[in-house]
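Inspection log for the structure reproduced underneath, given as structure tokens.
The values are calculated or read from the model by the stated rules, or taken from the named source; none is laboratory data. For clarity, every value in this text was computed on a predicted model and none was experimentally measured. In this analysis, Cβ positions are derived from the backbone assuming ideal geometry, glycine residues included, and neighbour counts consider all displayed protein chains.
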Amino acid sequence: MSFESVQEDVDEWTSQFDPQYWEPHEIVARLAEETGEIAREVNDEGGSKPKKSDEGSLEEEVGDAIFTLICLANSQGIDLDETWQAVMDKCYGRDNDRFEKAWPDRRLKRKTVINESAEAAHRREPR
């Protein structure tokens with residue numbers, strides 16, 4: 001799936017509203033709120049402050065943050081496919097030797113964990 005299709009999905013859904021997108025500062029405020037909700041989920045999983053039972057999951061909150069970032073990008077005419085490619089070019093260029101490299105078996109293990117997590121997410125029943 002490309003960012004283009006995701007941006008189109010968000011644009012189609014938001015087109016029913018007037019205004020279609022909030023002002024950039026309002027979207028950023030919403031992003032700050034969503035980031036706080038991610039922090040609350042992480043703190044619940046590994047910290048000392050349990051969340052209320054009616055609050056969302058980490059997956060849900062990350063999804064909300066991504067949606068909000070896509071709204072910001074759409075409202076500003078940002079092509080996220082181009083932006084993502086530029087970020088990856090920067091990672092493999094400027095930042096390629098910036099950090100200590102993982103051993104190949106560690107990278108393979110991480111890919112396996114990510115794939116298993118994605119498969120598990122697809123098997124979950126809808127909420």
**Request:** Starting from residues that are outside any helix (DSSP H, G or I) and out of contact with any Asp or Glu (no Cβ under 6 Å at 6 or more places or on another chain), keep the ones in the range 1-20 and report whichever is nearest to residue 73 (Cα to Cα).
**Result:** 20
**Request:** Only residues that are more than 22 Å from residue 14 (Cα to Cα), part of a loop (DSSP other than H, G, I, E, B) and at pLDDT 85 or above: list them for the range 57-104, please.
**Result:** 57, 93, 94
**Request:** Answer with yes or no whether residue 49 is of a type in the set (Lys, Arg), in a loop (DSSP other than H, G, I, E, B) and without any contact (Cβ under 8 Å) to a residue 24 or more places away in the chain.
**Result:** yes
**Item:** Residues being assigned to a loop (DSSP other than H, G, I, E, B) and either under 14 Å from residue 67 (Cβ atoms) or small (Gly, Ala, Ser) (or both) - total across the range 21-39
**Value:** 2
**Asked** Which condition breaks for residue 23 when tested against (1) exposed (fewer than 12 other Cβ atoms within 10 Å of the Cβ); (2) in contact with a Gly (Cβ under 9 Å, 6 or more places away or on another chain); (3) of a type outside the set (Ser, Thr, Tyr)?
**Response** (2)
